[in-house]
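What follows is a short report on a single structure.
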């Protein structure tokens, strides 16, 4: 370390970089003999106390250094005086932690540790659900729980307005109390989102009724306004939930938030229900590196995104989002309670006992009659063979891509080269340089099909999460491995990969040879997403047709054909059982020999005994009088000619 008499806070480069730093300048390399610009001591003297420090401790200190540098930028860029003051306080706190090699501890006027109020917002909302909705059937109560989760999630990522802004909007409010909570929120909830060296807490777990009262009115208004503006972007089921149920939920909660004697804020609140299920919002201390996935919903509307259009320093830094916990898994007995009572009864519906009996028959080989077979049926699905090969480990699927942040391993590079070769051979009209550029472009990824350690096919794609779609650029399987169902199985894997990443639309330009393949995979020329979403993003190819595919997140695509096959087998067995019950054989119809051209279906002997019932549509259809129809059409034709 530098001499004890030296008051230097740290070594300063004698040849500082220009401000602002220029990207075209090469980073200056310094050695341990370089002198400090402030105290003239060598760099070695400033770091001598770190010679025996472990690598783990060194990495921790370097992490704090990165946070200090970022807070330094925040201090200079922030215009609000209160926020700037907090940033500067945390900047000095972290710098002191580096010098003393200690852990940063927030002190001073903020010495009260979290939680700052009990019960917390999360507990209060949970009490509200139990207090107001415990009498509902389990399935309806589960809808309320989802709304409560959505609300708590929004609070956790809500960016509070600065005290100065609040003073202008509500001059009569208690600004001092709000300023104290705002400072605590910055130090314990907001800044730790982008400064990992500071401990992070969820807003809903450390703050209570006071903070909720100060933000509820503004937050409610903005949420509902945003929902109305973006209703067309929401799926139908989410649209009903957010536009119909959410406003009523917020209105009822608002009464309890501002009520002076609401029981939900009592610390000894006892649930009316014997089953006190928590909402399952957990604290995320170390956020995973996924941007913009903080929603309980499966769409990409900004209504479910954090900050709701507000900006914070976290949005300026390299993006690292926080993924919300989807809630606790229900117990098995809860699942039965939720499903059975609410299952709608349909007239003529098949009893569940019969379905279960048929299922046990078609899934039990010993119960099935007929010769055994080890080969695929002639009517097997296109991807059946590929699915079996994947189960046996003959083929594998991997999503690979080039990276600028870290060096790809040798295997991935070999696969990328293999993909480039497959695309070049199977797509001869596409320039090889163009294929190479896109396959190795870090913004593009490829789902690779690997067999015996080598690439035999793949789908190259680029994801546009903000636009809600993915562009499929190349799709090919090597010629000697075609007609084996690999193409279908590849696309099914790609669909499931995108469902996991909440992107539910594919777009691609298909040439005349590929249109048939894409139609089989569910693509059509009818594009479901607005043109403004993809114009300027997707690459346009001359002579190709734009096709799109909308994914259903509830379909397991890699097992879809198996499910359909099983459903067909169930129906076939049910028909066989019904036929076995009908023992009477009727003679053939003789009315047609007498010149009758048609008869009602219900007049066929024995048809009603089979369980057939006339549909409502058939009842509503009445035969039109030919003469009346002729005069009507003639009148229309004359009016058209005028």
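Would you mind stating whether residue 141 is in contact with a helix residue (DSSP H, G or I) (Cβ under 9 Å, 6 or more places away or on another chain) and not assigned by TED's automatic domain parsing to the domain that holds residue 223? Reasoning before the result, please.
Numbers: in contact with a helix residue (DSSP H, G or I) (Cβ under 9 Å, 6 or more places away or on another chain): yes; not assigned by TED's automatic domain parsing to the domain that holds residue 223: no.
The answer is no for residue 141.
Determine whether residue 487 is in the same structural domain as residue 497 (by TED's automatic domain parsing), in a helix (DSSP H, G or I), in contact (Cβ under 8 Å) with a residue 24 or more places away in the chain and more than 19 Å from residue 404 (Cβ to Cβ).
It is true that residue 487 is in the same structural domain as residue 497 (by TED's automatic domain parsing), in a helix (DSSP H, G or I), in contact (Cβ under 8 Å) with a residue 24 or more places away in the chain and more than 19 Å from residue 404 (Cβ to Cβ).
Considering only residues that are without any contact (Cβ under 8 Å) to a residue 24 or more places away in the chain and under 23 Å from residue 437 (Cα atoms), look in the range 524-554 and name the one that is surrounded by the fewest Cβ atoms within 10 Å (Cβ to Cβ).
Out of the qualifying residues, it is 542.
Pairs, please: C-beta under 9 Å, at least 6 apart or cross-chain, first residue touching a residue at least 24 places away in the same chain (Cβ under 8 Å) and in the range 393-410, second surrounded by fewer than 10 Cβ atoms within 10 Å (Cβ to Cβ) and in a loop (DSSP other than H, G, I, E, B)?
394/452; 395/452
A quick yes/no check of all residues on (1) more than 29 Å from residue 73 (Cα to Cα); (2) over 21 Å from the mean Cα position of the chain (by Cα):
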| site | (1), (2) |
| --- | --- |
| 181 | no, yes |
| 190 | no, yes |
| 201 | no, yes |
| 206 | no, yes |
| 217 | yes, yes |
| 233 | yes, no |
| 239 | yes, no |
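Counting only residues that are part of a helix (DSSP H, G or I) and over 24 Å from residue 233 (Cβ atoms), how many does the range 526-575 have?
Qualifying residue count for the region: 18.
Would you confirm, using the coordinates I've provided, whether residue 147 is in the same structural domain as residue 129 (by TED's automatic domain parsing), in contact (Cβ under 8 Å) with a residue 40 or more places away in the chain and either out of contact with any strand residue (DSSP E or B) (no Cβ under 9 Å at 6 or more places or on another chain) or assigned to a loop (DSSP other than H, G, I, E, B) (or both)?
yes
Counting just the residues of the range 154-172 that are loosely packed, with under 14 Cβ neighbours inside 10 Å and under 37 Å from the mean Cα position of the chain (by Cα), which one comes out modelled with the highest pLDDT?
Result: 165.
Answer with yes or no whether residue 221 is over 30 Å from residue 63 (Cβ atoms), touching a helix residue (DSSP H, G or I) at 6+ places or on another chain (Cβ under 7 Å) and not assigned by TED's automatic domain parsing to the domain that holds residue 58.
Against the criterion (over 30 Å from residue 63 (Cβ atoms), touching a helix residue (DSSP H, G or I) at 6+ places or on another chain (Cβ under 7 Å) and not assigned by TED's automatic domain parsing to the domain that holds residue 58), residue 221 does not qualify.
Is it the case that residue 75 is touching a helix residue (DSSP H, G or I) at 6+ places or on another chain (Cβ under 8 Å) and closer than 17 Å to residue 197 by Cα?
The answer is no for residue 75.
Considering only residues of the range 513-523 that are farther than 16 Å from residue 474 by Cβ and out of contact with any helix residue (DSSP H, G or I) (no Cβ under 9 Å at 6 or more places or on another chain), which is surrounded by the most Cβ atoms within 10 Å (Cβ to Cβ)? Talk me through it step by step, then tell me what you get.
Step one: of the range 513-523, the residues farther than 16 Å from residue 474 by Cβ are 516, 519-520, 522.
Subset that is out of contact with any helix residue (DSSP H, G or I) (no Cβ under 9 Å at 6 or more places or on another chain): 516, 519.
Values: 516: 9, 519: 14.
Per the criteria, the residue is 519.
The values are calculated or read from the model by the stated rules, or taken from the named source; none is laboratory data. Everything quoted here is computed from the prediction, not taken from an experiment. Glycine also receives a Cβ, built like all others from the backbone with ideal geometry; neighbour counts cover every protein chain displayed.
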